[in-house]
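Reviewing the structure listed below.
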Amino acid sequence: MNTEEIMALDKDYVMQTYGRQPLALKEGKGAVVWDVEGNPYIDCVAGIAVNNVGHAHPHVAEAISKQAHKLIHTSNLYYTEEQVRLAKLLVEISPHQKAFFCNSGAEANEGAIKLARKYTGKGDIVAMENSFHGRTITTITATGQHKYKKGFGPLPLGFSHVPYGDLEAVDDAITEKTAAVLVEPVQGEGGIIIPPHSYLAELKKICHENDALVIFDEVQTGFGRTGEMFASQTFKVTPDITSLAKAIAGGFPMGAILASEEVGRAFEPGDHAATFGGGPLACAAGLASIETIKEEGLVLKSRENGVYFKNELNELFQEHGLVEDVRGVGLMLGIEMDMPCAHMVDAMRQQGVLVNCTAEKVLRFVPPLVITREQIDKVTSNLDEVIGRLTD
Ligand SMILES: *Cc1c(COP(=O)(O)O)cnc(C)c1O
């Protein structure tokens, strides 16, 4: 099928929830994807910060295929070696001691909220304005953006929102009923917003003074994205609970909740479950992806190439008045334009670069961590040309 035929069938048979690019993808390798017509694109979206090890990584592909021939699903009525090995590996690379597996970021946040409520015996959750936590009823409630909630009420009670980066507002919002503060260490969908210096550390302090927990939503920031394995390490603040998904299994759907020993023990048999959670196939993919991140030094690459990429973007910032800001950490970068940037996404795609526009005016760059400097150069020169044309 060609792109047009695929788009026509989508229109006929798929619920029209997505504002998709007119592009049908067929294969990928590293940081490059090809459409069904055979055109290549440098991928600075990476399935929305998912394909950290790159597309079609042989180690991940082989692990999935081998496991699929052995055992795909068991339910959690039984043990599997794959699940305990992945839990052990996650504990080794993170500041946490216990894991629970689920299937997506929204589900990880739902579980994190349940765990915080169970541990504290309290119900209220303070979250951030401009945040994003998923699309289930509870996670749109936690999300601090009206557009995701409109038309989907009634929403669950107990959630309040404060401006991101404002410690005084958090301090005011926390009450004796607060179970946890839920925060992204870097706001992703919100437009690559880096918190003020020492904000996360102070936030944790305020939470603990009030017998509340702090939950980091690392669904987007996890697995090398910010130049450390987790953003909690980038910002040197250990939360009580971390929610994970996106890059955890190299593109295979999976989510997880990590917690301290003590908090993790609050979940007792029967408290929480997921039929597919931590299945052997997802865990095999997770093990292979994390091994790849470690073996190929992708965390260091993210840090170093992130600095390089950001410098290149900063040069564009110097040259073009239309660029308002360049920000980010590791390979989680954004440039804020002084106008909506959806049309720039089209222009860049036509030149063979995939990026996405978030928070209306922010071009987001979250490429596979295997992206090369040559590929980064190509992206920035295309961007230079696209912005140049806008100024003409
Ligand atoms: C993508 C994302 C989610 C939602 O993940 P899904 O797997 O789509 O449910 C939650 N939190 C953050 C920070 C995200 O970036």
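The values are calculated or read from the model by the stated rules, or taken from the named source; none is laboratory data. In this text, all values refer to a predicted model and were calculated from it rather than measured experimentally. Glycine also receives a Cβ, built like all others from the backbone with ideal geometry; neighbour counts cover every protein chain displayed. SASA here: full protein model, heavy atoms, side chains in, ligands and nucleic acids out. Shrake-Rupley method; radii C 1.70, N 1.55, O 1.52, S 1.80 Å.
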Of all DSSP beta bridges located in the stretch 58-295, what percent are antiparallel, nearest 5? 40 percent
Which is the longest part of the chain that has none of the chymotrypsin sites (Phe, Trp or Tyr not before Pro) sitting in a DSSP loop with at most 13 other Cβ atoms within 10 Å? 153-392
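Given a Förster radius of 25 Å and the C-beta distance between THR275 and LYS147 as r, what FRET efficiency does 1/(1 + (r/R0)^6) yield to the nearest 0.05? The partial results should precede the final answer.
Values: r = 31 Å, r/R0 = 1.25.
Computed FRET efficiency for THR275 and LYS147 comes out at 0.20.
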Just how far, in whole angstrom, is the stretch 161-234 from the stretch 327-385 if you go by their alpha carbon centroids? 26 Å
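Need one word for the stretch 163-226: rounded, prolate or oblate. Basis is the Cα gyration tensor (sqrt eigenvalues a ≥ b ≥ c); a/c below 1.5 gives rounded, then a/b vs b/c decides. Before the final figure, lay out the partial values.
On the way: a/c = 2.15, a/b = 1.73, b/c = 1.24.
Judged from the Cα gyration tensor, the stretch 163-226 comes out prolate (a/c at least 1.5, a/b above b/c).
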Express the accessible area of the chain per residue in Å², computed with a 1.4 Å probe while the remaining protein chains stay in the model. 45 Å²
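Take the alpha carbon gyration tensor of the stretch 1-141, find the square roots of its eigenvalues, order them as a ≥ b ≥ c, and report rounded if a/c is under 1.5; if not, report prolate when a/b exceeds b/c, else oblate.
Since a/c reaches 1.5 but b/c is at least a/b, the shape of the stretch 1-141 is classed as oblate.
Tell me the carbon and sulfur percent of the accessible area for the chain, rounded to whole percent, probe radius 1.4 Å.
Answer for the chain is 53 percent, counting heavy atoms of protein chains only.
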Lysines near LYS378 by alpha-carbon distance under 25 Å, same-chain residues fewer than 8 away left out - which ones? LYS26, LYS29, LYS301, LYS310, LYS361
Under the rule of at least 5 residues apart or a separate chain, name every residue whose amide H is placed under 5 Å from the amide H of ASP325. GLU336
Once each part is reduced to its C-alpha centroid, what is the distance from the stretch 65-124 to the stretch 1-57 in angstrom? 29 Å
Just tell me which lysines come within less than 28 Å, Cα to Cα, of LYS177; anything on the same chain fewer than 8 places away is out. LYS98, LYS114, LYS118, LYS122, LYS147, LYS149, LYS150, LYS204, LYS205, LYS236
Relative contact order computed over the stretch 58-295 (Cα-Cα under 8 Å; 6+ residues apart), in percent: 31 percent
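Work out, step by step, the length gained on full extension between THR74 and LYS88: first 0.36 nm times the residue separation, then minus their alpha carbon distance; give nm to one decimal. Numbers along the way, then the final one.
Numbers: separation 14, 0.36 × 14 = 5.04 nm, distance 1.94 nm.
Full extension of this stretch gives 3.1 nm more.
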I need the calculated FRET efficiency for the pair LYS26 and GLU62, taking r as the beta carbon distance and R₀ as 30 Å, to the nearest 0.05. 0.90
Evaluate E = 1/(1 + (r/R0)^6) for GLU324 and ASP392, where r is the Cβ-Cβ distance and R0 equals 22 Å; express this FRET efficiency to the nearest 0.05. 0.70
